[in-house]
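Trainee: Here you go, one structure.
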Amino acid sequence: MSRPPLLLIPGLLCDGRLWQHQLAALADAANMTVGDHSTHDNLYEIAATLLTKAPPRFAVAGLSMGGYIAFELLRQAPERITHLALINTAARPDSPEKRQRRLDFMALATRGRFRGVSHALLPLLIHRDRLDDRELAGTVSAMARDSGVEAYLRESRAIVDRPDSVPMLSGIACPTVVIGGLQDQLTPPECQQEIADGIPGAELILLDRCGHLAPLEHPQAVNAALRKLLTR
């Protein structure tokens, strides 16, 4: 039996290493590719470029910024999306305070003060119990370092003024799973709850002792959820 195509879209300052456990564990269940979300500075062009490279119909899993891109894929080509996994993401745009904080970070990076994900920022991304996990922390820091300042600025510009996706939730018709971390400080559980409540038939999975990077923090749970999703 042929494996369904699954597009994995990383978050801000992340790359294919975010999905390393899924790429290994789900090779028998899906034909997976990792989308490059760093080449344009607006969601429309990022999604349009991904669509040109994707098969006619495919499943999508997006984390954080990847979720914002998944919503944009649905705006442009809803008929092409067969299954949807929204992970550690939000449907609403940034609050004014969060938008300003993002702009401040972008200004610092423009002035040459880009430091990627320092040790001080890790508690915003992973659960506090995992801060001494050298492999996990090293992966997160390496992804940010290797992405670099130019990609960071492009990705940040793409999401800083993103549209409100709440109004489109009720129109999403494909099988959907929404996954979040109970201790996610960037997109807290209420963000995942709102998405799951808005999409008809969506399954909600909230993981304990999990921050903002569920595919790395709880790979087995994410693997199981994606495998189940692809059979729906």
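The values are calculated or read from the model by the stated rules, or taken from the named source; none is laboratory data. Bear in mind that the values here come from a model prediction, so they are computed numbers and not experimental data. No Cβ is skipped: glycine too gets one built from the backbone with ideal geometry, and neighbour counts run over all protein chains shown. Areas reflect the complete protein model, heavy atoms only, side chains present, ligands, DNA and RNA absent. Shrake-Rupley method; radii C 1.70, N 1.55, O 1.52, S 1.80 Å.
Trainee: I need the full set of residues from segment 123-132 which are over 17 Å from the mean Cα position of the chain (by Cα) and part of a helix (DSSP H, G or I), in order please.
Mentor: Pro123, Arg128, Asp129, Arg130
Trainee: Is it the case that Asp104 is more than 19 Å from Val222 (Cα to Cα), open to solvent by 50 Å² or more (accessible area, probe 1.4 Å) and at pLDDT below 95?
Mentor: yes
Trainee: Which pairs have Cβ atoms under 8 Å, sit 6 or more apart or on different chains, and link a residue in segment 27-56 that is farther than 22 Å from Leu230 by Cα and of a type in the set (Asp, Glu) to one that is open to solvent by 50 Å² or more (accessible area, probe 1.4 Å) and not in a loop (DSSP other than H, G, I, E, B)?
Mentor: As it stands, the answer is Asp41/Arg154; Asp41/Arg157, since those pairs meet every condition given.
Trainee: Among the residues of segment 73-96, count how many are more than 18 Å from the chain's Cα centre (by Cα) and open to solvent by less than 30 Å² (accessible area, probe 1.4 Å).
Mentor: Here the count works out to 1.
Trainee: Continuing with this model, one more query. Could you tell me which of the residues Met32, Met65 is farther than 25 Å from Arg209 by Cα and at pLDDT 95 or above?
Mentor: Being farther than 25 Å from Arg209 by Cα and at pLDDT 95 or above holds for just one of Met32, Met65, which is Met32.
Trainee: Ile195 fails exactly one of the following numbered conditions: (1) touching a residue at least 60 places away in the same chain (Cβ under 8 Å); (2) part of a helix (DSSP H, G or I); (3) under 30 Å from Gly112 (Cβ atoms). What is the number of that condition?
Mentor: Condition not satisfied by Ile195: (3).
Trainee: If I filter segment 203-232 down to residues being among the polar types (S, T, N, Q) and open to solvent by 50 Å² or more (accessible area, probe 1.4 Å), which single residue comes out as modelled with the highest pLDDT?
Mentor: That would be Gln220.
Trainee: While we're here: Can you find a residue in segment 37-60 that is in contact with a Gly (Cβ under 9 Å, 6 or more places away or on another chain) and within 17 Å of Val177 (Cα to Cα)?
Mentor: Within segment 37-60 (the criterion being in contact with a Gly (Cβ under 9 Å, 6 or more places away or on another chain) and within 17 Å of Val177 (Cα to Cα)), the answer is yes, since at least one residue qualifies.
Trainee: Considering only segment 64-90, state which residues are touching a strand residue (DSSP E or B) at 6+ places or on another chain (Cβ under 9 Å) and outside any helix (DSSP H, G or I).
Mentor: Across segment 64-90, the qualifying residues are Ser64, Ile81, Thr82, His83, Leu84, Ala85, Leu86, Ile87, Asn88, Thr89.
Trainee: Go through segment 133-188 residue by residue and tally those that are in contact with a His (Cβ under 7 Å, 6 or more places away or on another chain), open to solvent by less than 60 Å² (accessible area, probe 1.4 Å), outside any helix (DSSP H, G or I) and within 24 Å of Gly211 (Cα to Cα).
Mentor: So the count comes out to 4.
Trainee: Any residue that is assigned to a loop (DSSP other than H, G, I, E, B) and not charged (D, E, K, R) - is there at least one of those in segment 41-52?
Mentor: yes
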